[in-house]
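Before any comments, here is the structure.
The values are calculated or read from the model by the stated rules, or taken from the named source; none is laboratory data. Nothing here was measured: the structure is a model prediction, and the numbers come from that model. When we count neighbours, we look across all protein chains shown, and the Cβ atoms used for this are built from the backbone with ideal geometry, even at glycine. We work out accessible area using only protein heavy atoms, side chains counted, and drop any ligands, DNA or RNA first. Shrake-Rupley method; radii C 1.70, N 1.55, O 1.52, S 1.80 Å.
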Amino acid sequence: MTLLGWGILGPGRIAPRIVRGVGLSARGELVAVASRDAARAEAFAARHAIARSFGSYEALLADPDIDVVYVSLPNHLHAEWTVRALEAGKHVLCEKPLALTVDEVDRIAAAAERADRIAVEAFMYLHHPQTLRTIELAASGVLGPLELVHGTFSFLLSQEDDPRIDPSMGGGSLWDVGCYPVSLARRIAAEEPDSLQAFARFDEQGVDRTFVGQLHFPGGLLAQFDSGFAAPDRERVEIVGGEGRLVLDSPFLPEPDGPPPSLTMWRGQEATSIEVASADQYGAEVDDLTAAILDGTRPRVDLAFSRGTIAALVALDRAARSAVSQSNSATTATLST
């Protein structure tokens, strides 16, 4: 049986979950980890029983025993190191967001084609049985005509040196957690939005700490979401149809990283709990990419899907900044008069 060797670029906060996910795979083995800080890489390797550590990303990409690279770097480095890993002949699982522009996604796609390698975005929740069952039910017509998808994802972020609030690193709640409900709405709609609106509270560096967005899809489905770093932990999705609604109380981080999965069908005031299996969604995304590499199956989160998500996020960010600019201009005009 073929065993894929995995390497981690960046021993960040999510990397231990990929260590766990690869550890669950019968066809994968974690070979090495790399950081620009050799001591940090060495400490991570020792903590997780990884055989090799490197003090540079380039050294890991040169290791012939590594077949797949997991990119767990700050957002602004995702596209660059995904392309460099592909050019080194590696397959890639890159943390979300895959890129910060559509052009970057296109560069990744071109590099993957040239290298005959696979690159996928690590939206782990899209592999969970809870999400798969939700999408299946929404598409089945059991809710009646779909009217609205509403999603929420927020948490308190107070560390001032966190890359997620650094504008030079692609910071902002939209890119960090707003991308989850946006990607789910697109998956349920099965098409791209044709119009959108957005508002945000930006800090003094221009990073959104609270974001609210709306999307309209050509088929008539509406989507609303909010994300933020300035409110307590909140995770919820509601899918509303003409005859019923589905509610997910832990849609993005269920156990083992959060509460047990919870999917409830509501018809009027009557609630029916829908049983869904608990699973390690990081292990599931590792298995999905492994099957694509070794068995030739299509990745569940392919580059075409990621391109659509990035296009929506870019447009939402632009709309929110435009709304602030217009509001400031209106205020100035009012004060002048």
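A few notes on this one:
- The test for being in contact (Cβ under 8 Å) with a residue 12 or more places away in the chain and either exposed (fewer than 15 other Cβ atoms within 10 Å of the Cβ) or of a type in the set (Phe, Trp, Tyr) (or both) holds for Pro145.
- Qualifying positions in region 273-329 - hydrophobic (A, V, I, L, M, F, W, C), surrounded by 15 or more Cβ atoms within 10 Å (Cβ to Cβ) and within 25 Å of Arg209 (Cβ to Cβ): Ile310, Ala311, Ala312, Leu313, Val314, Ala315, Leu316, Ala319, Ala320, Val324
- Criterion applied to Ala190, Ala185 was being within 16 Å of the chain's Cα centre (by Cα), under 22 Å from Phe252 (Cβ atoms) and among the hydrophobic types (A, V, I, L, M, F, W, C), and the one residue passing it is Ala185.
- Exactly one residue among Val69, Val105 is among the β-branched types (Val, Ile, Thr), crowded, with 16+ Cβ neighbours inside 10 Å, in contact with a Leu (Cβ under 8 Å, 6 or more places away or on another chain) and over 26 Å from Thr2 (Cβ atoms), and that residue is Val105.
- If the condition is being open to solvent by less than 50 Å² (accessible area, probe 1.4 Å), farther than 16 Å from Ser325 by Cβ and among the small types (Gly, Ala, Ser), then region 195-234 contributes Gly213, Gly220, Ala223, Ser227, Gly228, Ala231.
- Filter result for Tyr57 (of a type outside the set (A, V, I, L, M, F, W, C) and open to solvent by less than 10 Å² (accessible area, probe 1.4 Å)): no
- Selection of region 12-22 for residues being open to solvent by 10 Å² or more (accessible area, probe 1.4 Å) and not small (Gly, Ala, Ser) yields Arg13, Ile14, Pro16, Arg17, Val19, Arg20.
- Residues satisfying the stated conditions in region 124-138, i.e. touching a residue at least 40 places away in the same chain (Cβ under 8 Å) and of a type in the set (A, V, I, L, M, F, W, C): Met124, Leu126, Ile135, Leu137, Ala138
- Positions within region 161-179 being more than 14 Å from Phe202 (Cβ to Cβ) and crowded, with 24+ Cβ neighbours inside 10 Å, in sequence order: Asp176, Val177, Cys179
- Some residue of region 70-78 being of a type outside the set (Lys, Arg) and either at positive phi or more than 24 Å from the chain's Cα centre (by Cα) (or both): no
- Looking at Ala292, Ala320, just one residue is of a type outside the set (Lys, Arg), farther than 20 Å from Thr152 by Cα and not in a loop (DSSP other than H, G, I, E, B), and that residue is Ala292.
- Residue list for region 72-96, restricted to those being crowded, with 22+ Cβ neighbours inside 10 Å, among the charged types (D, E, K, R) and more than 19 Å from Ile293 (Cβ to Cβ): Lys96
- Of everything in region 182-194 that is open to solvent by less than 10 Å² (accessible area, probe 1.4 Å) and of a type outside the set (S, T, N, Q), the residue that is farthest from Leu98 (Cα to Cα) is Ala185.
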